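Below is one structure; the comments refer to it alone.
The values are calculated or read from the model by the stated rules, or taken from the named source; none is laboratory data. It should be emphasised that the depicted structure is a prediction, and the values quoted were computed from it without experimental measurement. In this analysis, Cβ positions are derived from the backbone assuming ideal geometry, glycine residues included, and neighbour counts consider all displayed protein chains. For the accessible areas, the whole protein counts, side chains as well, though only heavy atoms, and no ligand, DNA or RNA atoms are used. Shrake-Rupley method; radii C 1.70, N 1.55, O 1.52, S 1.80 Å.
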Amino acid sequence: MKQNIFIEVFSLKSRIGYWIEERGYMKKFIAKQLEITPNQLSNWISGKSHPTIEKAFKLADLLNVKVDDLYERDDRCTEE
C-alpha cells in the first residue's frame, strides 16, 4: 500500500541579528561566548547556515529569549 506524504517546504528567517542588536551585544562577544568564529555567527544571521540545537539554546540563554524567538517562518517560500 502506497502512502502519499505531503511535506511542506518553508524557510526560516533568522532574527539572531535583531536580538543581538536589541540586547546591545557586540557580535564578537556573542561568538566568543558560543565558542564559534565571527564568520560562523554571520552565517547564522544571514541564514546561510543554522546553529546546532545545543548552540541555539546557549544563544537564546545569552540573549534572554526563547529558542523560538531566534527564527521566524518565512511564508514567502511556501508553495500552495
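Taking the range 23-58 on its own, how many of its residues are touching a residue at least 40 places away in the same chain (Cβ under 8 Å) and of a type in the set (Asp, Glu)?
Of all residues in the range 23-58, those touching a residue at least 40 places away in the same chain (Cβ under 8 Å) come to 23.
This time we only want the ones that are of a type in the set (Asp, Glu), so: none.
The total comes to 0.
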- Task: Kindly list the number of the only condition in (1) outside any loop (DSSP other than H, G, I, E, B); (2) at pLDDT 95 or above; (3) of a type outside the set (Val, Ile, Thr) that fails for residue 12.
- Result: (2)
- Within the range 32-73, residues modelled with pLDDT under 95 and assigned to a loop (DSSP other than H, G, I, E, B) come out as 47, 48, 49, 50
- Check 16, 45 and return the single one that is open to solvent by 40 Å² or more (accessible area, probe 1.4 Å), touching a helix residue (DSSP H, G or I) at 6+ places or on another chain (Cβ under 6 Å) and aliphatic (A, V, I, L, M). 45
